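The values are calculated or read from the model by the stated rules, or taken from the named source; none is laboratory data. Model, not experiment: these values are computed from the prediction. Neighbour counts are summed over all protein chains in view; Cβ atoms, including those assigned to glycine, are modelled from backbone coordinates with ideal geometry.
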Amino acid sequence: MSWLENIRPKIRALVTRDVPENLWVKCAACDQMIFHRELDANLKVCPHCGHHMRIAARERLAALFDDGAYQEIEPPKAIVDPLKFRDRKRYSERLRDAQAAAGARESGGDAALVCHGTMGGMKVVIAAFDFSFMGGSMGVAVGEAFVAAARLAVLQQAPLIAIPASGGARMQEGILSLMQMPRTVVAVQEVREARLPFISLMTDPTTGGVSASFAMLGDIAIAEPGATIGFAGKRVIEDTIREKLPEGFQSAEYLHEHGMVDMVVPRQEMRETLIRTLRHLVRPNPPADVVPLKPAGRIAAAPEKQKALAGPAESDAETAAAPPKPSGKPSGKASGKASGKPSGKPAEEAAGNASGPDKSGEPAAD
Ligand SMILES: [Zn+2]
């Protein structure tokens with residue numbers, strides 16, 4: 001048995017030497033052959049039909065961060081094989097094989113990577129899953145990594161982006177893997193309490209305990225086209241409820257239609273979309289210094305101006321200030337901004353409303 005195992009790869013190496021392998025990849029959706037370089041350049045998206053294939057975590061990260069540069073942090077060491085689990089193979093062995101296949105680190109690596117860098121000049125922390133590592137399953141080490149990512153985000157005052165690609169909990173760790181669900185939820189809560197945005201970018205697949213915990217908690221929930229997102233598999237549900245499920249059930253598009261996902265974004269547009277979204281949520285610097293007006297001038301000018309401009313100026317300001325949301329009030333926006341700073345704000349706000357036309361340009365500009 002063992003000598004056969006030993007010799008088989010050697011024979012294969014002899015036979016297939018000099019034959020270029022994996023130069024062409026067949027698209028699972030449209031059956032077209034794609035040259036591997038073209039596929040890589042297209043971020044593993046089929047150029048013929050737009051099918052999104054799975055992509056390695058590091059490849060994805062390089063496509064998201066500015067200049068493809070980011071720092072990976074080593075998450076805290078987690079307990080290895082706490083249950084001494086064994087099926088056909090020891091869990092510790094499976095883990096070692098997966099770590100060897102992942103290549104980067106010989107020990108301690110797991111299905112989640114934690115890294116930080118900048119996107120559009122903004123600091124960002126990302127926790128990304130690698131599906132090729134034991135199906136991206138979430139065990140203690142992955143929970144540990146996610147918590148580390150959340151704490152790093154709080155420490156750096158940076159938004160957190162989670163990119164799950166996971167079949168769910170790691171069954172070889174039993175209840176300990178299930179306990180990572182509340183743990184990651186608490187980690188998300190810590191980010192929220194620090195008033196930092198948390199974005200969940202769901203990729204294929206986001207299922208089981210991962211979708212049932214942090215993946216669905218994003219302030220903004222983004223999904224890749226065609227990604228499978230759900231808890232239990234379709235067949236399990238059908239067998240349980242004895243009903244046929246609708247077409248496309250548990251796909252990113254279906255969830256988007258039903259309000260579980262905010263947007264479905266193609267991979268090539270992901271970086272731009274994330275940067276644009278983050279710009280709305282994070283403001284690294286105020287657009288300009290706000291200088292309080294002199295109180296005497298305000299009192300003299302305010303009453304007539306307010307009377308004169310009451311009708312038209314108010315509606316002008318409203319349309320100019322909040323084009324995407326028709327219900328948004330300009331005064332709400334101004335007071336929201338003002339409440340962050342303690343001094344001189346009510347006067348400033350009143351003055352802002354009074355001088356209507358000049359002021360209305362300012363919120364639209366940022
Ligand atoms: Zn295709």
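Applying the criterion of being touching a residue at least 40 places away in the same chain (Cβ under 8 Å) and farther than 30 Å from VAL236 by Cβ to the residues of region 184-213, the residue that is nearest to the chain's Cα centre (by Cα) is PRO197. Please indicate, with yes or no, whether at least one residue in region 163-170 is in contact with an Asp or Glu (Cβ under 8 Å, 6 or more places away or on another chain) and crowded, with 20+ Cβ neighbours inside 10 Å. There is at least one residue in region 163-170 that is in contact with an Asp or Glu (Cβ under 8 Å, 6 or more places away or on another chain) and crowded, with 20+ Cβ neighbours inside 10 Å. Residue count for region 207-225, restricted to those that are outside any strand (DSSP E or B) and crowded, with 19+ Cβ neighbours inside 10 Å: 11.
Would you say MET181 is under 23 Å from LYS84 (Cα atoms) and either touching a Ser or Thr at 6+ places or on another chain (Cβ under 6 Å) or free of Cβ contacts under 8 Å to residues at least 24 places away in the same chain (or both)? Answer is yes for this residue.
Please go through region 150-166 and pick out each residue that is without any contact (Cβ under 8 Å) to a residue 40 or more places away in the chain and either in contact with a strand residue (DSSP E or B) (Cβ under 7 Å, 6 or more places away or on another chain) or of a type in the set (Ser, Thr, Tyr) (or both).
Residue satisfying the conditions is LEU160 alone.
Rundown of residues vs (1) of a type outside the set (Gly, Ala, Ser); (2) modelled with pLDDT of 95 or more; (3) under 15 Å from LYS77 (Cβ atoms); (4) not assigned by TED's automatic domain parsing to the domain that holds PHE231, yes/no style:
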{"site": "ASP87", "(1), (2), (3), (4)": "yes, no, no, no"}
{"site": "LEU95", "(1), (2), (3), (4)": "yes, no, yes, no"}
{"site": "GLN99", "(1), (2), (3), (4)": "yes, no, yes, no"}
{"site": "ALA102", "(1), (2), (3), (4)": "no, no, no, no"}
{"site": "ALA127", "(1), (2), (3), (4)": "no, yes, no, no"}
{"site": "ALA145", "(1), (2), (3), (4)": "no, yes, yes, no"}
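For region 30-45, does any single residue satisfy the condition of being under 17 Å from the mean Cα position of the chain (by Cα), among the charged types (D, E, K, R) and within 22 Å of ALA112 (Cα to Cα)? So far as region 30-45 goes, no, none of its residues is under 17 Å from the mean Cα position of the chain (by Cα), among the charged types (D, E, K, R) and within 22 Å of ALA112 (Cα to Cα). Output yes when any residue across region 33-55 is more than 16 Å from the ligand (Cβ to nearest atom), closer than 18 Å to ASP130 by Cα and in contact with an Asp or Glu (Cβ under 8 Å, 6 or more places away or on another chain), and no when none is. So far as region 33-55 goes, no, none of its residues is more than 16 Å from the ligand (Cβ to nearest atom), closer than 18 Å to ASP130 by Cα and in contact with an Asp or Glu (Cβ under 8 Å, 6 or more places away or on another chain).
Scanning region 77-100 turns up no residue that is under 22 Å from the mean Cα position of the chain (by Cα) and more than 16 Å from the ligand (Cβ to nearest atom). Cβ separations smaller than 8 Å between residues 6+ apart or across chains give the following pairs from region 60-85 residues that are more than 23 Å from ASP204 (Cα to Cα) to residues that are in a helix (DSSP H, G or I) and aromatic (Phe, Trp, Tyr): ASP81/TYR91; LEU83/TYR91; LYS84/TYR91; PHE85/TYR91. GLU247 passes every criterion in (1) of a type in the set (D, E, K, R); (2) part of a loop (DSSP other than H, G, I, E, B); (3) surrounded by 12 or more Cβ atoms within 10 Å (Cβ to Cβ) apart from (3). Looking only at region 238-274, residues that are in contact (Cβ under 8 Å) with a residue 12 or more places away in the chain and of a type outside the set (D, E, K, R) come to 16 in all. Sub-7 Å Cβ pairs linking a first residue in region 22-50 that is more than 27 Å from GLY68 (Cβ to Cβ) to a second residue that is aliphatic (A, V, I, L, M) and more than 8 Å from the ligand (Cβ to nearest atom), at least 6 apart or interchain, are LYS26/MET33, ordered by first then second residue. Scanning region 176-212 for residues that are touching a Phe, Trp or Tyr at 6+ places or on another chain (Cβ under 9 Å), closer than 14 Å to GLY136 by Cβ and of a type in the set (A, V, I, L, M) yields one hit, VAL210.
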